[in-house]
Amino acid sequence: MTLDASVRAFLDGVTHPVRRRDAETLLALMSRVTGEPARMWGPSIVAFGEYHYRYPSGREGDAPAAAFSPRKPATTVYLADGVAAYEAELAALGPHTTGVGCLYLKDLEQLDLAVLERVVAASYAVVTAGDFGGLARDGGA
């Protein structure tokens, strides 16, 4: 996999050994699942693909279709369509916590990576299908 220099520099700068190891695992997993190259989205998010959203108010923008960030307390995996749709799958994932559109993972070695891969693939498919127009906090559509 060819990796953008800014992504490599960011990942090489992750000092926490578990976060760095997990970032490499997620880099491979999300690249495989999305078929998209990794690129930096802001200073600390590794993104794969993007989608366009438009609110009923007329506000619109672009967001990553799949993404992660190796944060100090936990690695964050962003699910643009929210975690609620994956409640059953996430019950089998292993130790994690959630936000509206985020999975917080402390150690990928304690997780069922096949479950994580299915969830990321499903979320990516939803937000790139062409009719997804919102953000997780707004219930997607």
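What follows is calculated from the coordinates using simple rules that are stated; it is not laboratory data. Here the structure is a predicted model, which means the values were calculated and not measured. As a convention, Cβ positions derive from the backbone with ideal geometry for all residues, glycine included, and neighbour counts pool all protein chains shown.
Per-residue ellipticity at 222 nm for the chain, helices alone: DSSP H runs ≥ 4 residues times -39500 (n - 2.57), over residue total, nearest 500 deg cm²/dmol?
When only DSSP H runs of four or more count, the value is -9500 deg cm²/dmol.
Could you pull the Cα extents of the chain along its three principal axes, largest to smallest, in whole Å?
Extents along the principal axes: 43, 35, 25 Å.
At most 10 other Cβ atoms within 10 Å and a DSSP loop assignment: could you name the trypsin sites (Lys or Arg not before Pro) in the range 3-41 that fit?
Counting only loop positions with at most 10 other Cβ atoms within 10 Å, none of the trypsin sites (Lys or Arg not before Pro) in the range 3-41 qualifies.
Residue by residue, what Karplus-based ³J(HN,Hα) values in Hz, rounded to whole numbers, does the range 112-119 have, using 6.51, -1.76 and 1.60 with θ = phi - 60° and x for Gly and Pro?
Whole-Hz 3J(HN,Hα) from phi for the range 112-119: 8, 5, 5, 5, 4, 4, 5, 5.
Could you state the angle between the C-alpha long axis of helix 17-34 and the longest principal axis of the C-alpha atoms of the chain, as a value from 0 to 90 degrees rounded to the nearest 10?
It is inclined by approximately 50 degrees.
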